[in-house]
1. Residues that are of a type in the set (D, E, K, R) and modelled with pLDDT under 75, at least 1 per element: which helices (runs of 4 or more DSSP H) completely within segment 129-231 meet that?
2. Kindly list the number of the only condition in (1) closer than 24 Å to PRO52 by Cβ; (2) in contact with a Phe, Trp or Tyr (Cβ under 8 Å, 6 or more places away or on another chain); (3) surrounded by 14 or more Cβ atoms within 10 Å (Cβ to Cβ); (4) at pLDDT below 75 that fails for ASP118.
3. If we keep just the residues of segment 69-108 that are over 12 Å from LEU57 (Cα atoms) and among the small types (Gly, Ala, Ser), which is surrounded by the most Cβ atoms within 10 Å (Cβ to Cβ)?
4. Only residues that are assigned to a helix (DSSP H, G or I) and farther than 26 Å from PRO144 by Cβ: list them for segment 38-59, please.
5. I want to confirm something. Restricting to segment 140-154 and keeping residues that are surrounded by fewer than 18 Cβ atoms within 10 Å (Cβ to Cβ) and more than 13 Å from GLU80 (Cβ to Cβ), which single residue is nearest to the chain's Cα centre (by Cα)?
6. Residues that are touching a residue at least 12 places away in the same chain (Cβ under 8 Å), in contact with a Ser or Thr (Cβ under 8 Å, 6 or more places away or on another chain) and of a type outside the set (D, E, K, R): which helices (runs of 4 or more DSSP H) entirely in segment 60-113 hold 3 or more of them?
7. Quick one: would you say VAL10 is at pLDDT 95 or above, β-branched (Val, Ile, Thr) and surrounded by 18 or more Cβ atoms within 10 Å (Cβ to Cβ)?
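The values are calculated or read from the model by the stated rules, or taken from the named source; none is laboratory data. All figures in this text were calculated on a predicted structure; none of them were measured in a lab. Using ideal geometry, Cβ is built from the backbone for each residue, glycine included, and neighbour counts are taken over all protein chains shown.
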Amino acid sequence: MRSALVAAFVSALLLSDPVSAQVDPKNTVSGLTLADRDARHTISLPFSLFVPEGIRLGYDMREFIASQEFGTFDSTVSPEAAFNEIYYEAVTMAHGNLTDALLAASFGSFEHEYIPLDFFGAEVDLPLTSEDHDRFLLRVSHLPAHLYRIPEDDRDKIQHFFASAWLKSILGMDWLVHLAGEAVEAGESLFVIGDARDPRDVHANADGLRFEMQAEKNLGRPPSASLTPNP
């Protein structure tokens, strides 16, 4: 989790209790502050005026996650702490707007470079990022790999968690969010080559939905507190 300085900022937005730090601020504040500064305004004017705020901040989040400073942070703290930091940085960038922060966190955490679609028997690769390949691999390597504490790499669960939380923030109704998640899984099974419905994705979606409801009441609540054992 980010240092007490960022936690205090988040808490002040909602006048809630400050979030305690899990790492030594002396070792992390300066590096993450530098990463935050360098990641701002990835899309320059006037183009940024035509991009939704959450997406614009998502590009900034990709720069932040790909930074050497965040990579060092991720390699020295628990998966939960790195996961929380992604959220807190997004909230900071979004100036406390939860919906924009959740979209930015999800967009910044995309783990797929492209989706291989089955188009009438032919494979068509749908790109999900404008990053060059090496930059993409660097950013993904900085995502916490074992958030659910199982042997399998679950970096992709981060995007599922935050995307579900974002959908909850804009749709409101739980059943719509569940339906959207199931529709995505069904679509992947039908159209994405080599993919099938993953119950662990659905589980991460449910955790994200639960987190959004809690974050509405307390913006400073760490997302890791909403994680439940994922089969």
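1. Ranges flagged: 174-191.
2. Only one criterion is unmet by ASP118, namely (1).
3. ALA82
4. Listed by number, the residues that qualify are PHE47, SER48, LEU49, PHE50.
5. Out of the qualifying residues, it is SER141.
6. It comes to 79-93, 98-108.
7. No; evaluated as a whole, the condition is false for this residue.
Conditions (1) of a type outside the set (D, E, K, R); (2) more than 17 Å from ALA90 (Cβ to Cβ); (3) modelled with pLDDT of 50 or more; (4) in contact with a helix residue (DSSP H, G or I) (Cβ under 9 Å, 6 or more places away or on another chain), marked per residue:
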position	(1), (2), (3), (4)
MET1	yes, no, no, yes
ALA4	yes, yes, no, yes
VAL19	yes, no, no, yes
LEU57	yes, no, yes, yes
PHE64	yes, no, yes, yes
SER67	yes, no, yes, yes
